[in-house]
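The values are calculated or read from the model by the stated rules, or taken from the named source; none is laboratory data. What you see is a predicted model; the values in this text were computed from it and never measured. Using ideal geometry, Cβ is built from the backbone for each residue, glycine included, and neighbour counts are taken over all protein chains shown.
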Amino acid sequence: MKSTWTHHRQRPDLHWRFLILPFILAIYSGHGQPLLAQSTVKAQSLFDGKTLTGWKTVDPAHASLWFVKDSVIRSGDGVKKIPENTYLHTLKEYGDFEFRCLFRLSGDPKTGMINSGIQYRSILEGGKIVGYQADIGNGYWGDLYDEHRREKLVGGDLSILKRILKEDGWNSYIIRCKGNHHELYINGVKTCDYIEKDSKIPAKGVIAVQIHSGGIAQVEFRDLTISEL
């Protein structure tokens with residue numbers, strides 16, 4: 001969105017089987033194929049489960065807003081309102097890849113906006129982050145947004161997702177980019193398929209997690225992996 005999970009000790013693939021298997025069995029496209037991103041490239045972990053090594057906040061003043069607890073990356077305490085958008089980004093840049101994570105967003109919408117997102121192919125520019133965002137939150141699930149640039153690009157397809165989405169529970173996100181082709185999946189269901197036609201838009205950049213300003217919210221991320229394609 002525009003600027004204005006539970007321990008890790010079990011094998012990560014077991015988390016994915018638990019969340020995804022029911023959807024593989026129950027949800028198929030019209031051609032009889034499961035609506036899942038696939039990658040044959042070995043995934044690398046982006047998070048050691050203990051520290052934020054390999055990550056950095058866009059604004060150094062926000063460093064205390066991101067922390068690790070119970071092997072999960074968190075922001076927000078569920079008590080105080082989020083004063084402004086804040087982002088935690090990878091030190092490494094990625095171009096063609098398949099990114100996966102589990103996430104949980106919670107909060108009281110009566111207190112303000114409850115929203116998060118995952119930036120990718122993003123660049124740091126004058127204290128802000130610019131680039132694609134896989135959106136998270138009521139009214140924005142599965143949207144493709146262009147943070148600090150062109151704003152909303154594609155609205156997420158909720159026709160299937162709305163039946164299996166756990167709005168205040170753990171869900172999975174898959175972001176797959178190859179060339180100018182972008183695909184977003186939540187809980188194995190494709191919400192967005194986008195072709196970038198502007199050759200001036202950077203095809204490589206950092207990945208970042210966000211918590212949006214507004215209400216009393218908390219966002220959590222775990223099992224963050226990437227496969228470079």
Inset, instruction - State which residue is farthest from Asp96 (Cα to Cα) when the search covers only segment 108-137 and only residues that are in a loop (DSSP other than H, G, I, E, B) and modelled with pLDDT of 90 or more. - result: Gly112
Inset, instruction - Could you list all residues from segment 206-225 that are surrounded by 23 or more Cβ atoms within 10 Å (Cβ to Cβ) and at positive phi? - result: Asp223
Legend entry - When residues of segment 92-107 are limited to those that are of a type in the set (Asp, Glu) and part of a loop (DSSP other than H, G, I, E, B), the one farthest from Asp193 (Cα to Cα): Glu93
Legend entry - Single unsatisfied condition, Arg149 versus (1) more than 27 Å from Gly78 (Cβ to Cβ); (2) in contact with an Asp or Glu (Cβ under 9 Å, 6 or more places away or on another chain): (2)
Legend entry - Hey, Asp168 surrounded by 18 or more Cβ atoms within 10 Å (Cβ to Cβ), in contact with a strand residue (DSSP E or B) (Cβ under 6 Å, 6 or more places away or on another chain), acidic (Asp, Glu) and on the phi < 0 side of the Ramachandran plot or not: no
Legend entry - Failed item, numbered, when Ser45 is tested on (1) surrounded by 12 or more Cβ atoms within 10 Å (Cβ to Cβ); (2) out of contact with any Pro (no Cβ under 9 Å at 6 or more places or on another chain); (3) at pLDDT 90 or above: (2)
Inset, instruction - Can you work out which of the residues in segment 172-218 that are of a type in the set (Asp, Glu) and in a strand (DSSP E or B) is nearest to His89 (Cα to Cα)? - result: Glu183
Legend entry - Matching residues, segment 48-77, being loosely packed, with under 12 Cβ neighbours inside 10 Å and part of a loop (DSSP other than H, G, I, E, B): Lys50, Thr51, Thr53
Legend entry - Qualifying residue in segment 148-159 (condition: closer than 18 Å to Phe97 by Cβ, part of a strand (DSSP E or B) and touching a strand residue (DSSP E or B) at 6+ places or on another chain (Cβ under 6 Å)): no
Inset, instruction - Could you list all residues from segment 47-70 that are out of contact with any Ser or Thr (no Cβ under 7 Å at 6 or more places or on another chain) and among the small types (Gly, Ala, Ser)? - result: Ala61, Ser64
Legend entry - Residue selected from segment 164-198 under the condition more than 13 Å from Ile118 (Cβ to Cβ) and touching a helix residue (DSSP H, G or I) at 6+ places or on another chain (Cβ under 8 Å), by the criterion modelled with the lowest pLDDT: Ile164
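Residue-wise test of (1) polar (S, T, N, Q); (2) surrounded by fewer than 22 Cβ atoms within 10 Å (Cβ to Cβ); (3) farther than 15 Å from Ile211 by Cα; (4) out of contact with any Leu (no Cβ under 7 Å at 6 or more places or on another chain).
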| site | (1), (2), (3), (4) |
| --- | --- |
| Ser106 | yes, yes, no, yes |
| Asn115 | yes, no, no, yes |
| Arg121 | no, no, yes, yes |
| Ile129 | no, no, no, yes |
| Gly142 | no, no, yes, no |
| Glu151 | no, yes, yes, yes |
| Gly155 | no, yes, yes, yes |
| Ile164 | no, yes, yes, yes |
